1. Taking Rh as the Kirkwood radius, which is the inverse of the mean 1/r over Cα pairs, what is the Rg/Rh value for the chain?
2. Which of the peptides 56-62, 27-33 is most tightly packed, and how do the rest follow, judged by the mean count of other Cβ atoms within 10 Å per residue?
3. For the pair Leu166 and Arg116, how long in nm is the line joining their label points, each one 7 Å along Cα→Cβ?
4. Please list, by residue number, every one of the GluC sites (Glu not before Pro) in the stretch 79-133 that is coil in DSSP and has at most 16 other beta-carbon atoms within 10 Å.
5. May I ask you to derive the FRET efficiency for Asn46 and Thr83 from their Cβ-Cβ distance with R0 = 25 Å, giving the value to the nearest 0.05?
6. For a paramagnetic label modelled at 7 Å from the Cα of Glu143 toward its Cβ, which residues of the stretch 1-42 fall within the zone defined by backbone nitrogen distances under 17 Å?
7. Among Lys11, Lys102, Lys51, determine the one that fluctuates most according to a GNM of the chain built with springs between C-alpha atoms less than 10 Å apart.
8. Suppose we keep just the alpha-carbon trace of the stretch 58-142; what are its Rg and Dmax in angstrom?
Amino acid sequence: MTEFSKETTEKETYNRFVLVKGKSLKDIEPKIKEWAEIFGAGEPVNLTIYKTDFGSWTLIKLPENELLTAYNYHNLVYWFLGTPPEDQNFAEYSIGISIDRKGESTYLIYNDYDLREKIATNDDVFGISEKNQKFILSIPFDELKTSTNKEIVDFDKFLTENGINLNEMNSNKLKWTELQIKVE
């Protein structure tokens, strides 16, 4: 089995999604716009993203766009967690799912506050590949470290526990609402 690596996350064969939820999340649009202002690095940004309700989650489908590098995408997943208590609009849960169109290296990243206190730093998220290779991803440093920690559950178990069906998510059956994110 090929080692899952940072380079794997940078392949250009992914359909990228973000799942967010939480009682403190009022509106995803300002969060995405805020992120785009920072990661657009002063350049104009024009993104068309899509959102839909997906069980208890808000599902966000991201376009292929030069702004959405793997690093920036991982940052967007993390960005939704906000900086409470100052931040009044944030998700308690944020999951990034990258579905490989070639069927080789689908993976997900997620935040778990309790687990982070035990085995990681404040700016890390956890990751699992569909082949159950587990890792910890440092958001600011863009570093991926493999992990054998048993508390990071297997890929299918994580999806089941969170009510996520990848086939449904990646199908054409969902009704999407278009959002235009513009930064001048």
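No value in this document is a laboratory result; all are computed from the given coordinates. These numbers come from a predicted model, not from an experiment. Reconstructed Cβ throughout: ideal geometry from the backbone, glycine too, with neighbour counts over all protein chains shown.
1. On the way: Rg = 15.5 Å, Rh = 16.7 Å.
So for the chain, dividing Rg by the Kirkwood Rh gives 0.93.
2. Values: 56-62: 19.3, 27-33: 16.3.
My ranking of the peptides, most packed first, is 56-62, 27-33.
3. A separation of 2.5 nm, rounded to one decimal place.
4. Working: sites: Glu86, Glu92, Glu104, Glu117, Glu130; in loops: Glu86, Glu92, Glu104, Glu130.
Sites meeting the loop and neighbour criteria: Glu86, Glu92, Glu104.
5. Numbers: r = 26 Å, r/R0 = 1.06.
With R0 = 25 Å, the Cβ-Cβ based efficiency is 0.40.
6. Counting only backbone N, you get 5-7.
7. Lys102
8. Rg then Dmax for the stretch 58-142, in Å: 13.3, 42.
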